[in-house]
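Comments concern the structure below.
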Amino acid sequence: MKKILPVVLAVITGCTCAFILFKKVEKETILETPENAVAIQIGVFTKKENAIAMSENYGGLVLEDEGVYRVYYSVLSKSDNIDFITNYLKNNGINYYIKKITLSDETLDKLSEYEELMEKTKDTAKITVNKELLKIYEEVI
């Protein structure tokens, strides 16, 4: 009994101290923002000239990111438009990479207007609308 009493007192003291100390700690919830769009990338280069050349040949937007130059062909949020662009790239023998991204609500609203227009236009005009989408994306980066 003599050995148990100090252990019980130590546990009670430790729990009391922990309760007092952690009661003052602020609780903060961290919410991860889910991805709400995709960027369709058609190239990544260490030399800016090569990225610009690809952009001029195939269309796209060149952005510097982490010491490399990435060529983005499109930024979209609606699956029908994503499917159209990826099929267009496949049919033209252009390799691509789909990167999930998170856009602000304001940017997403701007892009959604063009995407709705894109859904309503003929296939040949969708590529032109896509170029306008990239201009909006370039403005907000």
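The values are calculated or read from the model by the stated rules, or taken from the named source; none is laboratory data. What you see is a predicted model, and the numbers here were worked out from it, not measured in a lab. When we count neighbours, we look across all protein chains shown, and the Cβ atoms used for this are built from the backbone with ideal geometry, even at glycine. Please note that ligands, DNA and RNA were not included when accessible areas were found on the heavy atoms of the full protein model with its side chains. Shrake-Rupley method; radii C 1.70, N 1.55, O 1.52, S 1.80 Å.
One residue stands out among those in the stretch 71-80 that are of a type outside the set (Gly, Ala, Ser) and touching an Asp or Glu at 6+ places or on another chain (Cβ under 8 Å): the one that is nearest to residue 132 (Cα to Cα), which is 76.
If only residues of the stretch 119-133 that are in contact (Cβ under 8 Å) with a residue 40 or more places away in the chain and not β-branched (Val, Ile, Thr) are counted, the one that is most open to solvent (accessible area, probe 1.4 Å) is 131. Is the stretch 63-83 home to any residue that is buried (at least 17 other Cβ atoms within 10 Å of the Cβ) and of a type in the set (Asp, Glu)? No, the stretch 63-83 contains no residue that is buried (at least 17 other Cβ atoms within 10 Å of the Cβ) and of a type in the set (Asp, Glu). When the stretch 53-78 is limited to residues that are in contact (Cβ under 8 Å) with a residue 12 or more places away in the chain and assigned to a helix (DSSP H, G or I), the one that is nearest to the chain's Cα centre (by Cα) turns out to be 55. Determine, yes or no, whether residue 48 is in contact with an Asp or Glu (Cβ under 9 Å, 6 or more places away or on another chain) and modelled with pLDDT of 95 or more. Yes: the conditions hold for residue 48.
The set of residues in the stretch 93-118 that are outside any helix (DSSP H, G or I) and in contact (Cβ under 8 Å) with a residue 12 or more places away in the chain comprises 94, 95, 96, 97, 98, 99, 100, 101, 102, 103, 104.
Against the list (1) at pLDDT below 90; (2) more than 13 Å from residue 76 (Cβ to Cβ), the condition residue 91 fails is (1). Might you check whether a residue that is of a type in the set (Val, Ile, Thr) and modelled with pLDDT under 85 occurs anywhere in the stretch 106-129? Yes, that holds for at least one residue. Surrounded by fewer than 18 Cβ atoms within 10 Å (Cβ to Cβ), over 14 Å from residue 132 (Cα atoms), at pLDDT 95 or above and not hydroxyl-bearing (Ser, Thr, Tyr), is that true of residue 99? For residue 99, the condition - surrounded by fewer than 18 Cβ atoms within 10 Å (Cβ to Cβ), over 14 Å from residue 132 (Cα atoms), at pLDDT 95 or above and not hydroxyl-bearing (Ser, Thr, Tyr) - is not met.
Residues in the stretch 19-42 include none that are at pLDDT 90 or above and open to solvent by 50 Å² or more (accessible area, probe 1.4 Å).
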